[in-house]
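The values are calculated or read from the model by the stated rules, or taken from the named source; none is laboratory data. None of these values were measured; they are calculated from a predicted model. Cβ sites come from the backbone with ideal geometry, for glycine too, and all protein chains shown count toward neighbours. Areas reflect the complete protein model, heavy atoms only, side chains present, ligands, DNA and RNA absent. Shrake-Rupley method; radii C 1.70, N 1.55, O 1.52, S 1.80 Å.
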Amino acid sequence: DEDDDDEDSVDAVPPQTATYSIVSFVQNVWDNLQVKCVDPELVLNKHLMLTRSASFAALEESKGDRYILVDAGGGTVDIVCHEVVNGASVKEIIRPTGGHWGSCVVDDQFKQLLHNMFGTACIDEFIMKSPNVWTELLDNFEMAKSEFYQHPQANTHELELPYEFIQHLRTKCQEQQHDLKRTIQRFAAHKTLEQMFMTPAIVVAADCTSAMDCDHDYDVDADQDLHLKDMDIDIDSAADDDKTDLDADGDSNNESETHAKFYMNLKDEMLEMDTAIWRYAFDFVIDKIIAHMNGLLAEINDTHQCKWIYLVGGFSCSNYFQHRMQLEYDSIEVITPPQPTLSVVKGAAYFGLLKNCITARKSKFTYGIRVTRTLYEAKRCGVPKQHLE
């Protein structure tokens, strides 16, 4: 009957396109999410508020202000620069740019570290033999990477190694009559950061230079240098066991080993690494992003001061990435939403609803729309007289 029909009925979807219906559904589901930033292709309108410090401010109040939006994902980083036109639209002031500077580059740095520490043959053999465990190792690194710099004062940050991977490394070390823990310790003690991450035979991503180009100060005390001969510490060239006595747990009793240049140690299934090593892996790619943004800011500041930098995307979840951006741009308000990844998704949904929210764009290239002809050639080609004035 009618009452039953009323109870079972649901709000009808307006007769719009399928795309509009899906976008509307996403908008309704996420309507209460406190997301402040969006995809580079979206302009925030009056329904989506920007956050300044702890408060909200509508775009209507920001007319003429400029901001940079950084969508830092896993593979690439996409950057746009906008000027607020009014509460419902913005315009591009610099063409969208970016590069292969995503968080996957940090993963590649970690893989290279393992290759340099244990040898390419050793690691490649394990990948071929146990690809599922190798994937587990990379998943563990992804987790450790996302948690890095939650405690800025920490001296080390750890990563869980799968048991099968540890056993493989231990077997390879024993074949060479070396101890696994000592191999790891001495690798960190006698290698510079550049040597740990060297990629002599690997072509790095476009626009990414060698790790040797990074000149950050990693606060390493010069007095901690062992002043020992630099060695290619790997499974095939570890020092003789009689140079350092190991206790029952495999820890060094030699005071000079304790004061190694960098610290790395295996405790049960946890690989502890000096935070300087982690920072170097991150800085390798973050430096590229900052260098690119400095060029954009130089263009923007020629005419108008940039007021905000918004960080969205998966890489923006990194505490260390946020720290570097805030440290580099202390005169600009750097804003990261609570859920940077969802910001991109919600932004895409709003972009499907808004009309003409980007009032002007900057083309990557210029395109010819007319050619210059002599008056004689124009007449001969039949160009109408009204166009020949």
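Okay, here's what the table says:
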| read-out | value |
| --- | --- |
| Average silhouette area of the range 68-118, convex hull of alpha-carbon atoms, in square nanometres | 4.1 |
| P(r) of the range 284-359 over all Cα-Cα pairs, binned every 5 Å from zero, in whole percent | 3, 13, 20, 21, 19, 15, 7, 1 |
| The range 97-189, accessible surface, carbon-and-sulfur percent (1.4 angstrom probe) | 47 |
| Rg/Rg_ref, the range 318-381, where Rg_ref = 2.2 N^0.38 Å and atoms are Cα | 2.18 |
| Pair GLN153, ASN294: separation of 7 Å Cα→Cβ label points (nm) | 3.1 |
| Reachable lysines, given that their alpha-carbon falls under 26 Å from the alpha-carbon of LYS172 and they are not under 8 places away in the same chain | LYS111, LYS129, LYS181, LYS191, LYS229, LYS243, LYS261, LYS267 |
| Sorted largest first, extent of the range 70-180 alpha carbons per principal axis (Å) | 70, 33, 22 |
| Accessible surface, the range 311-374, averaged per residue in Å² (probe 1.4 Å) | 60 |
| Simple spin-label estimate for ASP124 and LEU138 in nanometres, 7 Å along Cα-Cβ | 1.7 |
| Evaluated at q = 0.24 Å⁻¹: base-10 log I(q)/I(0), Debye formula over Cα of the range 110-157 | -0.91 |
| Charge dipole of the range 115-201 about the Cα centre (unit charges at C-beta), most positive-ward option of THR192, CYS122, LEU138 | THR192 |
| Residues whose placed amide H lies under 5 Å from that of THR156, excluding near-sequence neighbours | THR275 |
| Area of SER146 that stays accessible when all protein chains are in place (1.4 Å probe, Å², to 10) | 60 |
| Solvent accessible area, Å² - ASP71, 1.4 Å probe, full protein context | 20 |
